[in-house]
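Working notes, structure below.
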Amino acid sequence: MRLRLFLALLACLLSSVTSAVESRTAEPSVLADDPLWLALLHFNRGATVHSRGETYVDDESFFLSETGAVDPLAELQANISAMRAQGSEVRCRFPARYQFLARKLGWAESDGLAHCAELQEWLGQIPDKRVVLVFPASYLNSPSSMFGHTLIRLDDAENPDSVWHSWAVNFGAAVGPEDNSILYVYRGLAGGYPGRFVIVPYATKIQEYSHLENRDIWEYTLDLSPAQIRRMILHLWELRDVNFDYYFFDENCSYRLLELIDVVEPGMTLVDGFRLAEPPVNTVRALYKKELVRERVYRPSKAAQLDAERQAMDAGQQKLVKRLMADPSVAKGPVFSAYDEAERHRMALLAYQVLRFRHRNDERDPEVAARSLALLKVVNANAYEGELTVPTPVPPERGHGTQMLSLGAGQLESQDFGELGYRFTYHDLIDRDTGFLRGAQIEGIDLHLRSTESDDLKLESADIVHIRSLSPRNRLIKPISWFVHGGLERALAGERKRLVRFVQGGPGVTWQAGNFMPYGFLTARLENNSAYSSFLEPGGGAQAGLLWYLPRAQVNAGGEGYYFANDEYRHRQFLRINVPLGRQSAIRAEWQRDGWRGDNDKGFSLTWRQFFN
Amino acid sequence: MKKALVAAVLLGSSVSASAVAPGGPGCGWGNMVFEGKSGLPVHLIATIVNGTSYNKTFGMTTGTNGCDTSGALTYGGQSLLAMNGVLEEVAMDMAAGEGEALTALSVSMGIPAEDRSHFNTVMHDNFSAIFSSEEVTAGDVMESISAVMQSDEKLAKYI
């Protein structure tokens with residue numbers, strides 16, 4: 001490591017000296033440590049845990065030298081000797097490397113890639129006028145989307161007529177169509193699949209995210225010069241069919257895309273620092289920090305559009321939309337005809353969209369198809385110009401950081417306690433909602449250590465995962481809310497409190513009225529503790545509560561309870577108030593009452609929550 | 001490579017095998033309007049790790065990929081209309097008279113900006129002829145659009 005640093009310093013020194021002395025050639029040993037060379041080989045410069053000081057590429061065909069995966073100098077020398085000759089085929093396979101070497105070593109050829117027919121044809125097709133980072137944000141009810149995803153879009157003009165014709169560069173796990181079991185998830189998380197860059201039409205990505213998954217899409221135009229875009233595209237060609245290690249948590253899509261952008265300006269060090277579990281939103285933040293973002297565009301999902309259109313209608317219109325969906329011939333009746341043409345158009349269009357929304361993910365149903373077409377005919381017969389614009393929400397990068405440390409103090413019965421907390425990721429129901437979806441919670445690894453007057457620091461609770469999706473029901477759309485929660489917590493079992501292991505979850509319903517969101521869940525619970533005779537004690541119960549989003553605070557009040565098969569039971573009532581003090585910090589007050597057969601504990605606490613990263 | 005591209009075109013689009021359509025079978029032209037998407041659980045799982053089951057897809061096409069791509073309604077060698085879900089987006093935009101899918105369609109046909117609002121109007125006025133039943137396929141729609149454009153003074157030259 002120290003040697004590398006020394007060499008890097010030496011490189012800086014030498015490059016300033018040599019440029020002063022005019023000579024355009026550089027020593028291979030110096031070139032091998034050039035940030036661009038290391039970026040082109042995807043060497044891990046210390047940003048993630050796996051294979052530090054080696055390449056991320058898990059593919060022998062990516063290297064010319066046998067030791068290329070661990071030795072950038074050997075790879076450099078192998079490339080120099082393979083590419084120096086005019087008309088070398090190796091140049092066609094690794095054009096970005098060639099460009100780098102030709103420039104650094106002063107190989108004088110006007111276009112050393114002119115003989116690469118396949119590459120030239122591809123370059124002729126690939127859009128290269130604009131690069132856009134695309135961030136499909138999360139959507140309620142889709143746990144897989146909660147971290148978001150990032151991809152890159154290539155446009156064929158500064159302001160393309162239709163981005164449906166742009167190309168999307170996606171990095172993801174490469175799986176065969178036969179891999180459709182739950183094993184897929186496990187293998188994906190554990191690194192069992194290679195990751196690959198693929199290029200697909202952007203239109204398919206719009207279909208996938210905006211129409212099928214109902215995810216809003218944020219598009220960030222990058223401020224890159226034509227030469228920088230060219231370099232990125234040449235490097236993209238080098239990555240064709242090349243396998244990377246793929247780990248969901250650190251070397252994921254977002255990290256790889258940063259690496260790809262890194263080759264345009266390696267001195268910029270986008271991938272600096274330690275990046276475990278790079279969440280896609282941090283990719284966006286990193287690009288803003290380097291002033292690479294020129295423009296931001298919001299592309300609302302189908303669901304967001306529907307909701308905006310629905311909210312623009314009064315109750316009578318919404319009921320009529322519902323009737324139209326069930327029976328398009330309602331359009332011939334007097335109630336519908338009484339509205340003006342523009343309103344008829346909008347109601348029929350909304351009825352069509354909700355019908356498609358409900359059935360888009362099902363097998364084709366001829367009867368639904370007939371109703372769909374009948375509604376479109378009503379739309380067609382009632383002309384209306386102008387479209388409802390969906391209000392742009394606060395962009396996700398303005399939301400709070402992903403990790404959190406908390407420090408709190410409180411009282412449980414007559415005992416004072418202090419509490420230390422750390423949450424690895426990401427957001428709960430009453431964290432500051434700017435840039436987040438209301439009613440969505442995803443917590444992974446949430447630890448609380450508590451110390452009382454009589455006791456040393458002890459683990460109070462450790463959530464492994466706690467996801468809640470509260471999606472409000474309305475007249476037209478009736479989604480099911482759900483939650484899943486697993487980990488360790490202190491709970492009363494057999495005369496005293498113990499650290500019990502549990503997993504629970506269940507379906508629920510949520511409504512929304514202004515800034516209030518009432519909700520209810522059914523709960524199924526499995527618990528393991530040393531007091532109960534069975535290894536896993538099953539239980540069932542319910543939860544209900546209210547979320548209230550105030551301008552300067554978020555409130556959650558509610559209760560929950562469950563019975564075990566062994567006749568034990570527990571219940572809890574709580575009130576939590578979160579007051580954000582800016583983007584990265586908040587104060588939270590909690591009052592809680594825990595009850596069980598024969599007794600209960602009451603307590604309260606006040607906590608400082610500090611977000612970072 | 002070419003076979004893989006065909007596979008990529010087909011991926012996710014449930015093609016009714018019996019439908020013989022322009023461009024040959026297996027190009028997605030047999031896709032019916034208001035097609036649902038089956039196999040959703042698989043799809044959901046796939047998105048968890050952002051999986052791409054496209055095998056060796058890198059660039060839209062080089063030459064033909066087994067489909068007849070000589071028609072005007074193609075998109076980098078694939079058919080825009082035959083893409084999963086696009087047909088019903090086009091249907092909606094055509095009924096309403098404007099929209100992103102309709103613009104994408106006109107761009108893919110090489111219709112310049114100045115003629116696009118005329119194209120939109122003609123498509124809107126002929127919606128019932130183009131989407132004559134809920135059973136039309138991407139191929140049928142393509143043929144009807146061509147026929148409507150042929151009989152329009154301004155649009156005939158783009159066919």
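So which residues in region A:57-73 are outside any helix (DSSP H, G or I), over 16 Å from A:Val30 (Cβ atoms) and either without any contact (Cβ under 8 Å) to a residue 24 or more places away in the chain or touching a strand residue (DSSP E or B) at 6+ places or on another chain (Cβ under 7 Å) (or both), if there are any at all?
A:Val57, A:Asp58, A:Phe63, A:Ser65, A:Glu66, A:Thr67, A:Ala69, A:Val70, listed by residue number.
Being in contact with a Gly (Cβ under 7 Å, 6 or more places away or on another chain) and free of Cβ contacts under 8 Å to residues at least 40 places away in the same chain is the filter; apply it to region A:200-214 and report the residue that is farthest from the other protein chains (Cβ to nearest Cβ).
This residue is A:Pro201.
Would you be able to say whether some residue in region A:496-510 is assigned by TED's automatic domain parsing to the domain that holds A:Ile445 and not in a strand (DSSP E or B)?
Among the residues of region A:496-510, not one is assigned by TED's automatic domain parsing to the domain that holds A:Ile445 and not in a strand (DSSP E or B), which makes the answer no.
Considering every residue within region A:504-518, establish whether at least one is touching a strand residue (DSSP E or B) at 6+ places or on another chain (Cβ under 8 Å) and over 30 Å from A:Pro396 (Cβ atoms).
no
One line per residue, one yes/no per condition, for (1) touching a Phe, Trp or Tyr at 6+ places or on another chain (Cβ under 8 Å); (2) surrounded by fewer than 18 Cβ atoms within 10 Å (Cβ to Cβ):
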{"site": "B:Glu100", "(1), (2)": "yes, yes"}
{"site": "B:Leu105", "(1), (2)": "no, no"}
{"site": "B:Glu114", "(1), (2)": "no, yes"}
{"site": "B:Thr121", "(1), (2)": "no, yes"}
{"site": "B:Ser133", "(1), (2)": "no, yes"}
{"site": "B:Met149", "(1), (2)": "yes, no"}
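Which count do you get for residues in region A:559-589 that are among the β-branched types (Val, Ile, Thr) and out of contact with any Phe, Trp or Tyr (no Cβ under 8 Å at 6 or more places or on another chain)?
The number of residues fulfilling the criteria is 2.
Scan region A:564-575 and tell me whether some residue there is within 27 Å of the chain's Cα centre (by Cα) and under 15 Å from A:Phe521 (Cβ atoms).
There is no residue in region A:564-575 that is within 27 Å of the chain's Cα centre (by Cα) and under 15 Å from A:Phe521 (Cβ atoms).
Looking at region A:532-577, which of its residues are surrounded by fewer than 15 Cβ atoms within 10 Å (Cβ to Cβ) and part of a loop (DSSP other than H, G, I, E, B)?
Result: A:Ser533, A:Ser534, A:Phe535, A:Leu536, A:Leu550, A:Pro551, A:Arg552, A:Ala565, A:Asn566, A:Asp567.
So is A:Arg468 within 14 Å of chain B (Cβ to nearest Cβ) and either assigned to a strand (DSSP E or B) or surrounded by 16 or more Cβ atoms within 10 Å (Cβ to Cβ) (or both) or not?
Judged against the criteria, A:Arg468 is not a match.
Just checking, which of A:Glu259, A:Glu309 is modelled with pLDDT of 90 or more and out of contact with any Pro (no Cβ under 6 Å at 6 or more places or on another chain)?
Only one candidate passes the filter, namely A:Glu309.
Note down all Cβ pairs under 9 Å where the first residue falls in region A:74-85 and is on the phi > 0 side of the Ramachandran plot, the second is in a helix (DSSP H, G or I) and crowded, with 18+ Cβ neighbours inside 10 Å, and they're at least six residues apart or on different chains.
none
Looking at A:Gly582, A:Gly505, which one is without any contact (Cβ under 8 Å) to a residue 60 or more places away in the chain and buried (at least 17 other Cβ atoms within 10 Å of the Cβ)?
A:Gly505
For A:Arg490, work out the one condition from (1) within 24 Å of A:Glu419 (Cα to Cα); (2) within 30 Å of the chain's Cα centre (by Cα) it doesn't fulfil.
(2)
Given the criteria farther than 18 Å from A:Leu236 by Cβ and among the aromatic types (Phe, Trp, Tyr), does A:Trp37 qualify?
So A:Trp37 fails the test.
Consider region B:145-159. How many of its residues are at pLDDT below 90 and in a loop (DSSP other than H, G, I, E, B)?
1
Just a yes or no: is a residue in region A:513-527 free of Cβ contacts under 8 Å to residues at least 24 places away in the same chain, out of contact with any Gly (no Cβ under 9 Å at 6 or more places or on another chain) and assigned to a strand (DSSP E or B)?
Yes - at least one qualifying residue is present in region A:513-527.
Among the residues of region A:26-46, is any of a type outside the set (Lys, Arg), modelled with pLDDT under 85 and in contact with a strand residue (DSSP E or B) (Cβ under 9 Å, 6 or more places away or on another chain)?
yes
The values are calculated or read from the model by the stated rules, or taken from the named source; none is laboratory data. What you are looking at is a predicted structure, and each value in this text was computed from that prediction instead of being measured. Cβ atoms come from the backbone with ideal geometry, glycine included; neighbour counts cover every protein chain shown.
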